[in-house]
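Peer 1: Sharing a structure with you now.
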Amino acid sequence: MRITCSFISDIYEISRMIANQKDIRITEYKDYIKNSKPNGYQSLHMIVEIPIFMSDREELIMVEIQIRSIAMDFWASLEHKIYYKYNKEIPQKMLDELKASAEMAALLDRKMEKLHLDMDKMKKDDEAGEFLLPLGVGNNKLKSLEAFIEEKLGIK
C-alpha cells in the first residue's frame, strides 16, 4: 500500500497513527527519509501484520506500507519507468542525474515544509493579535477593555 503526503511531518504523523492501531503489529520499519537509499530515494516503509476477518475466522496477513511525499512519489514513479523498462545497464551519467533529481525532490519537500510551518506561525500570530488590545492610558484603559469584552466576547 502506498500513501502520499504533502509534507514530511505528515509522513511521520501517519506512521505514528498506524503504530498506535491496536490491531496492527509493525514487523519492520525502514526510514529512508533519515537514511536515504543510494539512488536518493526517500520514503518510510513499514511491514505490518493486520487481521483480515473472514466469515468463519480471522487471518493475519503481512502488508507493506510505503509513505512518501508527493514530490518523492513523482520522482519514484518516473525513476521506475526510466530504470526498470530499460533492459541494459543504466549509464552512470543517467544514474547520477536520477540521484540529483531525487535530491532536488527532497530539497523541495524541505522548502515546502518550511513554508507550511511559516504560514501556520503567521496565522497563529494573526489570530493572537486579534485578541491583543492596545488599552490606552488612564480612564481610556477601562473603556477600551469594556469595548473589547463586548465586541469579542459578547458580554455587556
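None of the figures in this text is laboratory data; all of them are computed from the coordinates on show. Keep in mind it's a predicted model, so treat the numbers as computed, not measured. Here the Cβ positions follow ideal geometry from the backbone for every residue, glycine too, while neighbour counts run over all protein chains shown.
Peer 1: As a footprinting exposure proxy, order F148, F53 by other Cβ within 10 Å, with the fewest listed first.
Peer 2: F53, F148
Peer 1: Now for a separate question. What pairs from K37/K121; K37/K81; K30/K88; K34/K121; K37/K88 go past 27 Å between their alpha carbons?
Peer 2: K37/K121; K30/K88
Peer 1: Could you pull out every one of the aspartates and glutamates with an alpha carbon less than 20 Å from that of K124, ignoring same-chain neighbours closer than 8 positions?
Peer 2: D10, E113
Peer 1: Separate question: Tell me whether the chain comes out rounded, prolate or oblate; compute the Cα gyration tensor, take square roots of the eigenvalues as a ≥ b ≥ c, and use a/c under 1.5 as the rounded threshold.
Peer 2: Note, shape of the chain comes out oblate.
Peer 1: Output the relative contact order of region 2-129, whole-number percent, from Cα pairs under 8 angstrom with separation of 6+ residues.
Peer 2: It comes to 26 percent, rounded to a whole number.
Peer 1: Then there's this: How many nm is it between the label spots at K81 and M112, if each spot is 7 Å from the Cα in line with the beta carbon?
Peer 2: 1.8 nm
Peer 1: Also: Per-residue HN-Hα couplings for region 54-61, Karplus 6.51 cos²θ - 1.76 cosθ + 1.60 at θ = phi - 60°, whole Hz, x for Gly and Pro?
Peer 2: Taking θ as phi minus 60°, the curve returns 8, 5, 10, 6, 10, 10, 9, 10 Hz for region 54-61.
Peer 1: Also: Got a sec? Charge dipole of region 2-129, +1 on Cβ for Lys and Arg, -1 for Asp and Glu; which of L108, I67, S6 is way out at the positive end?
Peer 2: L108
Peer 1: Students often check this: by mean Cβ neighbours within 10 Å, which of 60-66, 84-90 ranks highest, and how do the rest follow?
Peer 2: 60-66, 84-90
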